[in-house]
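See below for the structure under consideration.
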Amino acid sequence: MNVEERKESKRLLRRQILKQRADIALYERDRCSEEVIRRLLAVPEVEAAQRLFTFLSFGEEVCLDRFIAECDKLGKSVYVPKTYMKEKKMLPYRFTGWDALIEGAYGIREPDETKGDPWHGDPFDVILVPGVAFTEQGERLGYGGGFYDRFFAGLSHVPPLVAVCYEMQVVPFLSIEAHDQKVDKIVTESRVITCS
């Protein structure tokens, strides 16, 4: 498969999975999100983490708001991403409350720089990763912006990466490239997958 064919295959799969995900009824998404959060809080790496980086759910993604609130209550340092579209990069900011978030690119919530405390490079104990699709081997198909892969490439040490998604986003095969970072665990509403 050449580069163009690989790109096209990713684009088609992305569209297909996002369409299927959007078709999940709202009450079902809420139920699944609660189940994912319950499993996620029991993942040993998450339980032990003192400093973690997580995404802010958008659109039809698993909703992690209650997870973030729970971690905050447990005294963990929670960081969330601010994206810089021109530079094509993201920078973690300490989560200090829902009122310190604003609407960013694509309508995704992100930290307000004027109220935020940017990350100073201290290592994360665990990073929660969004995505469109994953395989049980830990391969990940992102949204196509490359923000996470670039962020991981800039870390001196990549901590355990935990993907969060619905079971229907776990697929048998993905066409990935050498620079695509694999995840260590996948948490869905049905199970926790330890990737080989």
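The values are calculated or read from the model by the stated rules, or taken from the named source; none is laboratory data. Because the structure is predicted, anything quoted here is derived from the model rather than measured. Cβ placement follows ideal geometry from the backbone for every residue including glycine, while neighbour counts extend to all protein chains displayed. In case anyone asks, the SASA skips ligands and DNA or RNA and just uses the protein heavy atoms, side chains included. Shrake-Rupley method; radii C 1.70, N 1.55, O 1.52, S 1.80 Å.
Key figures for this structure:
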item: Spin-label model distance (nm) - Leu41 vs Tyr143, 7 Å beyond Cα toward Cβ; result: 2.6
item: Sites Arg11 and Lys73 - FRET efficiency at Förster radius 35 Å, r taken between beta-carbons, to 0.05; result: 0.30
item: Qualifying trypsin sites (Lys or Arg not before Pro) for segment 26-128 [loop in DSSP, other Cβ within 10 Å: at most 11]; result: Lys86, Lys88
item: ³J(HN,Hα), Karplus 6.51/-1.76/1.60, whole Hz, each residue of segment 32-38, x for Gly, Pro; result: 5, 4, 4, 5, 4, 4, 4
item: Loop-resident sites, segment 100-193, for chymotrypsin sites (Phe, Trp or Tyr not before Pro), counting at most 12 other Cβ within 10 Å (DSSP); result: Phe173
item: Estimated inter-spin distance, Glu34 and Lys19, nm [label 7 Å along Cα→Cβ]; result: 3.1
item: Relative contact order, percent, segment 86-169 [alpha-carbon distance under 8 Å, six or more residues apart]; result: 31
item: Percent of beta bridges antiparallel (DSSP, the chain, rounded to nearest 5); result: 55
item: Dipole moment magnitude, nearest 20 debye, the chain about Cα centre, only Lys, Arg, Asp, Glu C-beta charged; result: 300
item: Separation between Cα centres of segment 1-62 and segment 69-85, rounded to whole Å; result: 17
item: Extension gain (nm, one decimal) between Phe58 and Arg191, 0.36 nm per residue minus Cα-Cα; result: 45.7 nm
item: Dipole moment magnitude, nearest 20 debye, segment 1-63 about Cα centre, only Lys, Arg, Asp, Glu C-beta charged; result: 260
item: Computed over the chain: relative contact order in percent, which uses C-alpha pairs under 8 Å that are six or more apart; result: 22
item: Accessible carbon and sulfur surface of segment 85-196 relative to its total accessible area, %, 1.4 Å; result: 52
item: Rg/Rg_globular for the chain, with Rg_globular taken as 2.2 N^0.38 Å and Rg from C-alpha atoms; result: 0.98
item: Å² per residue, accessible surface of segment 79-196 at 1.4 Å; result: 48
item: In Hz, Karplus ³J(HN,Hα) per residue of segment 46-58 (6.51, -1.76, 1.60; θ = phi - 60°; x = Gly, Pro); result: 6, 4, 7, 5, 9, 10, 10, 10, 9, 8, 9, 4, 9
item: Residue-span extension gain [Lys89 to Val171] - 0.36 nm each, minus C-alpha spacing; result: 26.8 nm
item: Over 23 Å between alpha carbons, listed pairs Lys7/Lys82; Lys88/Lys182; Lys7/Lys185; Lys10/Lys88; result: Lys7/Lys82; Lys7/Lys185
